[in-house]
Amino acid sequence: MEGIGITVTEHLLIHQKESPMATGRFTRLMGELIFSAKIIAREVRKAGLVDILGLTGEVNVQGEAVRKLDDYANNILIYRMQRAGVLCAMASEENADIIEVPDNLPKDEYLLIFDPLDGSSNIDANVNIGTIFSIRKKTSDRPYVTLEDFLHKGTEQVAAGYFLYGSSTMLVYTTGNGVNGFTLDPSVGEFLLSHPDIKTPERGKIYSVNEAYTCYWDEATRRTVEYFKSPENDLGKPYSSRYIGSLVADFHRNLIYGGIFMYPADKRDPAKPRGKLRLLCEAAPLAFVVEQAGGAATDGKTRILDLKPERLHERVPLFIGSRKDVEKATELMSS
Ligand code: AHG
Ligand code: MN
Ligand code: MN
């Protein structure tokens with residue numbers, strides 16, 4: 001029938017056979033995640049009208065000033081996902097330690113890791129922001145959850161994706177069988193399939209990096225970024241520079257159009273020799289999505305999904321996007 005879209009739940013049922021892990025419990029997890037995102041999207045939409053812009057005055061575990069919408073999104077996700085009945089614990093970019101599901105609430109074997117609001121510095125300017133999530137399963141047979149249960153390679157993710165609060169609200173995610181994009185139809189409050197089986201171009205025409213930090217990069221990094229600006233590159237002309245400052249927005253644009261996003265190591269800050277972005281709640285989920293869309297993601301040397309974190313908030317340099325662009329960048333970074 002015309003005009004009737006495919007919901008996420010319906011899409012999961014249709015593809016249940018290809019995704020053996022897309023069980024009823026996983027569908028319930030996605031349902032609660034989607035409900036949380038709808039609430040966050042509602043607050044983002046009216047952020048200018050209510051006292052939810054600006055700073056809370058606190059500083060988070062990353063040493064960053066916490067904005068009210070960061071806090072709001074984080075609290076919504078923790079509250080709702082603890083009641084999803086399918087998690088045993090979760091980890092948030094905003095919380096120093098893992099967050100267990102209390103004993104008085106139903107639990108199961110899934111682990112959720114998330115960046116509740118990515119691109120926070122853009123909130124007050126009404127620029128696109130997002131939520132990034134990574135879904136894993138507890139593999140240890142200990143009866144309780146510990147930090148160790150989270151410190152696993154990105155290849156162990158069972159699903160990953162992001163919500164993008166932009167001109168429309170989108171959900172893009174993978175369960176390991178390709179990538180699908182859904183757009184929220186506010187008139188019915190449902191995410192409907194809008195971008196089936198997303199594949200990213202194998203070579204793009206866009207590069208995204210904050211060139212303000214050129215003076216802090218090593219020689220290999222400078223050479224790599226210069227390659228994308230040179231008319232002698234494999235494209236035969238300079239790539240366009242596009243940098244929004246919200247990873248989810250920059251990533252999503254490059255996923256659809258093709259291109260490479262880079263956040264290199266930064267020698268400026270001895271606390272961040274491995275750059276600013278977090279492995280567990282930013283790089284690993286987006287690396288899963290981009291590989292499922294035919295792209296690639298490395299830290300300049302190693303495949304992101306093969307990196308095993310030693311700490312919950314470990315940072316990692318990120319080169320992610322079109323396969324040929326990431327391969328070239330990784331070759332130049334290693335030369
Ligand atoms: P978050 O808001 O979750 O802290 O993430 C911000 C990140 C990412 O969204 C973006 O790519 C990057 O910060 C921008 O950093 P710079 O301002 O240093 O370029
Ligand atoms: Mn972020
Ligand atoms: Mn964040």
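The values are calculated or read from the model by the stated rules, or taken from the named source; none is laboratory data. Because the structure is predicted, anything quoted here is derived from the model rather than measured. Backbone-built Cβ (ideal geometry, glycine too); neighbour counts: all protein chains shown. Quick note on the areas: whole protein, heavy atoms, side chains included, nothing else; ligands and nucleic acids left out. Shrake-Rupley method; radii C 1.70, N 1.55, O 1.52, S 1.80 Å.
Laid out as a table, the results:
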read-out	value
Relative contact order, percent, the chain [alpha-carbon distance under 8 Å, six or more residues apart]	15 percent
Leading residue at positive end of dipole, the chain (Cβ point charges), from G85, G204, T175	G204
Structure-based [θ]222 nm, the chain - -39500 (n - 2.57) summed over DSSP H runs of at least 4, per residue, nearest 500	-8000 deg cm²/dmol
Accessible area of the chain belonging to carbon and sulfur atoms, whole % at 1.4 Å probe	52 percent
Hydrodynamic radius of the chain per Kirkwood, over alpha carbon pairs, in Å	20.2 Å
List F191, F288, ordered by accessible area with a 1.4 Å probe, largest first	F288, F191
Extension gain, E156 back to R45 (0.36 nm per residue minus Cα-Cα distance, nm)	36.5 nm
Sequence ranges 197-210, 141-154, ranked by mean other-Cβ count within 10 angstrom, highest first	197-210, 141-154
Accessible surface, per residue, of the chain when the full set of protein chains is kept, probe 1.4 Å, Å²	42 Å²
Dipole of the chain, positive end: most advanced residue of A287, I34, V145 [Cβ charges, Cα centre]	A287
By average C-beta atoms within 10 angstrom, highest first, the peptides 113-125, 229-241	113-125, 229-241
Between the range 203-274 and the range 22-36, the Cα center-to-center distance that results, in Å	35 Å
DSSP-defined beta bridges in the range 206-334 - what % are antiparallel, rounded to 5	70 percent
Neighbour net charge for E109 - beta-carbon separation under 14 angstrom, K R +1, D E -1	+2
